[in-house]
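Read the structure below first, then the notes.
Nothing in this text is a laboratory measurement; each read-out follows from the coordinates by a stated rule. These figures come from a predicted structure and were not determined experimentally. Neighbour counts run over all protein chains shown; Cβ positions are idealised from the backbone, glycine included.
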Amino acid sequence: MSPSPGLSAKPVIGYCDPWSVLPGEPVTFMVSTSDPTFEARVVRVRHGDQAPGGPGVRVTRVPNPADGTYPGADQPILPGSYLQGPPVTAEALRDGATFTAWVYPTRPDLGLQGLVTAWSDEGTGLGLFLEPGGRASLRHGERVVATTTDLRPREWAFVAATWDRTTGDARVTQWPQSTLPDDPATGSAHVTITAPPAFGPPLLLGGHVYQGGARGTYNGRLDTPRVYGRALGVEELVAARAGGTPVGLVADWDFVTHADSVVIRSRVPGGPDAIAVHHPAAGVPGHAWTGSEGAFFRAPDQFNALHFHTDDLEDAGWTPSFTVTMPEGTPSGVYAVQLRSASGEDVIPFFVRAATGLPKSPVVFLAPTMSYLAYANEHSAAEVHAENAAFDITAHFQAEDHYAMAVPVSGLYDRHPDGTGVWYSSWRKPIVSMRPSYHLPVARSAHQLSADLHIVDWLEEKEIAYDLVTDHDLHSEGADLLNPYRVVITGSHPEYWTERMLDALEAYLARGGRLVYMGANGFYWVTSVSPSRPHLIEVRRGRRGTASWRNEPGEDHHSTTGELGGLWRDRGRAPQRVAGVGMTAQGFGPARPYRRTPESRAPELAWIFDGVGDDEEIGTAGLVLGAAGGFEMDRADRALGTPVNATVLAVAAGFGDDYQHVVEEVTTSDSKQGGTVSPFVRADMVYVPRANGGAVFATGSIAFSGALSHNRYDNPASRIVENVLRRFVADTRTPALGRTTTAGDET
């Protein structure tokens with residue numbers, strides 16, 4: 001038997017659950033390998049980027065009772081969303097059966113697709129299907145009756161399959177929702193099958209039983225699927241198509257009230273509930289959507305639909321391989337389990353967090369786990385950039401990238417087979433982009449966790465004690481998690497924030513907390529955590545923003561929480577309000593150093609630049625694109641909320657046209673958005689004093705953290721961050737006020 005797809009790229013692979021634990025709490029690891037055994041050992045991770053000129057891999061062995069050799073098992077990924085009900089019995093359909101649904105097929109070319117089924121490929125049961133190409137069909141055991149015309153992709157149609165036990169009439173019908181006269185996609189077919197089907201398979205929506213197991217195979221939307229315990233006549237089907245409910249309804253489900261629930265409740269008293277597997281997308285318009293309402297919970301009759309995909313994956317469901325429990329007293333930080341088999345290696349990170357209210361340090365590093373999940377296994381963006389890049393992106397693919405392209409483990413930067421964006425991402429799957437040595441191909445450098453380890457490494461090199469918590473901890477516990485700390489340090493790319501996280505950070509700053517924002521493109525996308533599945537996040541891209549896809553009209557509200565998705569700035573919470581700077585430009589060409597502004601020479605700000613010359617460039621070299629300013633960058637802007645007392649300390653500018661002004665601020669197409677001409681293509685380093693002794697320091701660039709270790713950590717970028725951090729920790733008074741500046745008043 002050949003190994004599962006992806007094991008040729010990663011012969012041993014795994015994931016853990018949960019990501020963040022206190023000492024004494026268990027972390028379960030799931031591992032797949034075609035080798036007979038594998039070894040596991042626990043390490044503390046300080047740095048993983050192997051780029052030339054950097055510190056290299058820096059890990060410390062942490063002996064743990066879980067260290068050892070374990071039996072290997074090839075554990076496949078079985079994706080595809082569907083709903084599963086109980087087995088259908090002959091008694092329930094003793095008078096016959098009718099299956100109906102409104103369907104919106106998005107990839108009818110992808111093989112046999114179950115719509116409403118109680119059927120198995122072993123030749124038992126009954127079901128309503130789309131045949132390859134898009135013809136509606138009824139399958140009765142091994143018999144098939146299908147229409148003769150394919151339904152059109154991305155158009156609604158009402159489909160029905162009936163079987164009359166008395167007469168044996170087996171009929172399938174399809175009616176497009178169309179204004180075309182004599183629409184050729186309308187059709188019906190029937191045969192006579194007097195023998196009853198052999199019941200036993202479970203009721204599935206968006207799938208069918210295949211090789212003994214339930215399988216989601218449908219790409220598209222289902223609206224108001226129903227099961228009747230008798231064969232409806234033609235006039236009754238016409239009435240059902242018009243929204244009526246003929247006699248004999250035995251199954252119907254509410255997709256709106258239970259949009260985030262694992263259990264989808266029946267709307268028929270005593271009818272079967274259904275379990276949502278791999279989280280089909282809810283909160284989507286159905287066939288009756290008029291466009292007059294955009295929120296699914298305010299017009300449930302217009303949104304009683306789900307969107308299924310063959311690659312949806314909420315939980316890989318692998319069998320646990322072993323469990324790690326870190327002992328009491330373990331310092332918080334980034335840890336990992338190193339896996340090794342005869343054929344390969346993997347490293348699975350996890351986080352030991354600090355306990356709420358029990359700080360061990362005045363500094364806390366906030367690991368941006370929401371962003372790690374959003375960027376999980378990103379590969380569609382690399383494929384798009386590969387068509388236009390000035391270099392061969394594929395030459396920078398690692399084994400992890402090949403795995404992500406071979407296996408359906410997509411994150412929020414990818415698209416489904418039907419071209420729609422991926423809205424949900426879960427940590428219950430291998431996330432190969434979250435590895436200490438991972439390089440993002442389009443940037444040819446570390447990104448997310450591997451880039452954030454530049455900061456962790458620098459903290460440890462400078463012997464600055466710190467605690468660690470994660471985004472998910474902050475979302476769960478709020479401002480109480482941050483309040484004991486004098487300083488919060490972000491990661492290099494903290495892009496994805498929930499409302500509870502933003503509320504907590506703003507409350508922390510309002511009471512005098514201090515923030516060192518070590519990156520850019522932060523506080524950008526509205527993010528939700530599923531209340532019923534805390535391992536799952538949701539993002540909808542809305543109408544604008546720098547993104548790899550857009551959701552379609554009527555899809556702007558998150559199904560998990562009901563809140564409006566998109567950019568935080570479009571909900572009145574631009575990043576400049578929190579951090580003094582916000583997203584302004586993006587590119588993957590050479591990064592640039594910063595130069596100080598005249599305002600930075602104010603005597604009251606001299607402490608920030610202690611050891612840095614007035615004309616000395618900041619960040620002339622770095623592990624991310626070669627300098628401190630680059631990749632994605634932020635700017636100050638009074639119109640977007642930068643406080644009037646903010647000081648722009650330094651600016652990285654002079655970029656090429658491979659850097660562009662962000663699309664959300666471009667209202668008319670022109671040729672003046674590139675780095676050679678646009679004043680918005682820059683990175684602003686900003687200092688903002690705040691009330692009650694609080695303050696914010698922002699670097700304004702994702703690439704900045706990659707400059708910290710240059711010249712053995714002795715460089716202007718490193719000195720500035722150290723000066724700021726030590727002052728923020730030591731000074732219990734209000735940090736020196738910056739001067740009012742007009743920088744950022746361009747818009």
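Things to note:
- Translational D in µm²/s for segment 450-579 (Stokes-Einstein at 25 °C, 0.890 mPa s, Kirkwood Rh from C-alpha pairs): 155
- At least 15 Å along the helix axis (C-alpha) and Kyte average at least -1.0, DSSP helices within the chain: 449-461, 499-510, 716-730
- Distance histogram in 5 Å bins (all Cα pairs of segment 184-320, percent per bin): 2, 8, 14, 19, 21, 17, 11, 5, 2, 1, 0
- In whole angstrom, segment 396-501 maps to an equivalent ellipsoid with semi-axes of 29, 20, 10, each derived as √(5λ) from the alpha carbon gyration tensor and ordered largest first.
- Peptides 485-495, 611-621, ordered by how many other C-beta atoms sit within 10 Å of their residues on average, highest first, read 485-495, 611-621.
- Here the translational diffusion coefficient of segment 151-223 follows from Stokes-Einstein with Rh set to the Kirkwood radius across Cα pairs; for 4 °C and 1.567 mPa s it amounts to 88 µm²/s.
- Cα pair count fraction exceeding 22 Å, expressed as % - segment 1-144: 65
- Under the Debye formula (equal points on every Cα, no solvent term), log10 I(q)/I(0) of segment 82-308 at q = 0.17 Å⁻¹: -1.22
- Overall, the ratio between the Cα radius of gyration of segment 19-82 and 2.2 N^0.38 Å, rounded to two decimals, is 1.51.
- Cross-link reach is defined here as a Cα-Cα straight distance under 23 Å, omitting same-chain residues fewer than 8 places apart; for residue 360 the lysines meeting it are 462.
- Ellipsoid equivalent to segment 198-275 - semi-axes via the Cα gyration tensor, in Å: 22, 17, 13
- Spread over its residues, the convex hull of the C-alpha atoms of segment 512-622 is 182 Å³ per residue.
- Here is the P(r) of the chain: all C-alpha pair distances, binned every 10 Å from 0, give 3, 14, 23, 22, 17, 12, 6, 3, 0, 0 in whole percents.
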